[in-house]
Amino acid sequence: MRTPAPETTRKQPGRLSRAAQRDQRRFYLFILPWLIGFVLFQAGPMLFAIGISFTDWLLVDTPVWRGLAHYRTMRSDAAFHAALRNTLYYSAASVPLAIALSLGLALLLNRRWAGMSVFRTIFFVPSLVSGVAVVLVWGWLFNPRYGAVNGLLGSLGLPQPGWLSDPRWAMPTIILLGVWSVGGIVVVYLAGLQNVPTELYDAARIDGAGRWQMLRAITLPMVSPVTFFLMVMVTIGSLQVFAPVYVLTEGGPRNATLTLPLYIYQNAFRFQKYGYAAALTVVLIVIALALTLLQLALARRWVYYTGWSGR
């Protein structure tokens, strides 16, 4: 009589092997510090702000439920409308300028010329300087009375604007300050440009393509994922502009540079309206989320990935 062969252990469908389970535990162990930080310092405060936005709270007493009262107040709040308009204006102007300027500088710094590493360092160093220090220097340069910019314009016989003291020029000055420090963006673009296969350029030259044609047909499509990433990050960063307007103008003159982050700060720490400040924070988060989702939806039309055009 034949002895039946021992049954081999079979892995049940949907069940991970011991090695996979071990790797999974290690994965969660390694991301645990980030996960704790995310919950404590990002997700937690965000959910807390959403809850406080429906109340009146003075920190020392019990929050009083107000429902949607703070959100209804925004409809008649002229300062909120000015802050929202200025924030969107700053973002719409600074993001394209920063991206275009960074790409142009990266294209120049990507050339293999003698001493190019020195120029790369020069363009990157400003992004390492403290934000407040840069803002103070910028304020001295654009001072309408003794600033170097108006001194240069005066020596050339050109008009000397009031810059930060003039409502027409205050926000453009803040935008120039935001665009000036693009060293970090340039470095990211340089990394993207150096990853473009040189074989594509060699084939294009053989076909008789010029520099402009190679830029339009090869360089821009190949760095489009980098451009997309930078657009999302720079847009979110532009919505959080605070230090320049706080240090230089405090939102003036006549609310010309009042932004949502500054208005949130004023309501929370100057007027002690923590519930209203939390509601403004929620609005800012929603705007950032909406713009990010819009960029994700439009990315399929112009972002090119190797082997998949996204169309």
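Which numbered condition in (1) crowded, with 18+ Cβ neighbours inside 10 Å; (2) within 30 Å of Leu230 (Cα to Cα) is the only one that Tyr89 fails?
Result: Tyr89 fails condition (1) only.
Quick test for you: out of Ile174, Ile206, pick the one residue that is buried (at least 16 other Cβ atoms within 10 Å of the Cβ) and of a type in the set (Val, Ile, Thr).
Of the residues listed, the single one that is buried (at least 16 other Cβ atoms within 10 Å of the Cβ) and of a type in the set (Val, Ile, Thr) is Ile174.
Taking the residues in the range 47-86 that are touching a Lys or Arg at 6+ places or on another chain (Cβ under 7 Å) and not aromatic (Phe, Trp, Tyr) as candidates, determine which candidate is surrounded by the most Cβ atoms within 10 Å (Cβ to Cβ). Explain how you work it out, then say what you get.
Kept after step one, since they are touching a Lys or Arg at 6+ places or on another chain (Cβ under 7 Å), are these residues of the range 47-86: 54-56.
If we keep only those that are not aromatic (Phe, Trp, Tyr) as well, we get 55-56.
Values: Thr55: 18, Asp56: 16.
Taking the candidates together, the pick is Thr55.
Which pairs do you get when a residue that is at pLDDT 75 or above, found in the range 94-121, comes within reach of a residue that is charged (D, E, K, R) and assigned to a helix (DSSP H, G or I), reach meaning Cβ atoms under 9 angstrom, with the pair 6+ apart or on two chains?
Leu109/Arg120
Against the condition among the aliphatic types (A, V, I, L, M) and surrounded by fewer than 17 Cβ atoms within 10 Å (Cβ to Cβ), how does Leu152 come out, does it pass?
The answer is yes for Leu152.
If I ask for residues that are aromatic (Phe, Trp, Tyr), under 24 Å from the mean Cα position of the chain (by Cα) and at pLDDT below 90, which ones from the range 146-183 would you list?
Here is the first cut: in the range 146-183, the ones aromatic (Phe, Trp, Tyr) are 146, 163, 169, 180.
Next, from what is left, pick out any that are under 24 Å from the mean Cα position of the chain (by Cα): 169, 180.
Residue satisfying the conditions is Trp180 alone.
Restricted to the range 123-145, and to residues that are touching a Gly at 6+ places or on another chain (Cβ under 9 Å) and of a type in the set (Gly, Ala, Ser), which residue is modelled with the lowest pLDDT?
The extreme case among them is Ser127.
The values are calculated or read from the model by the stated rules, or taken from the named source; none is laboratory data. Computed from a predicted model, the values in this text were never measured in an experiment. In this analysis, Cβ positions are derived from the backbone assuming ideal geometry, glycine residues included, and neighbour counts consider all displayed protein chains.
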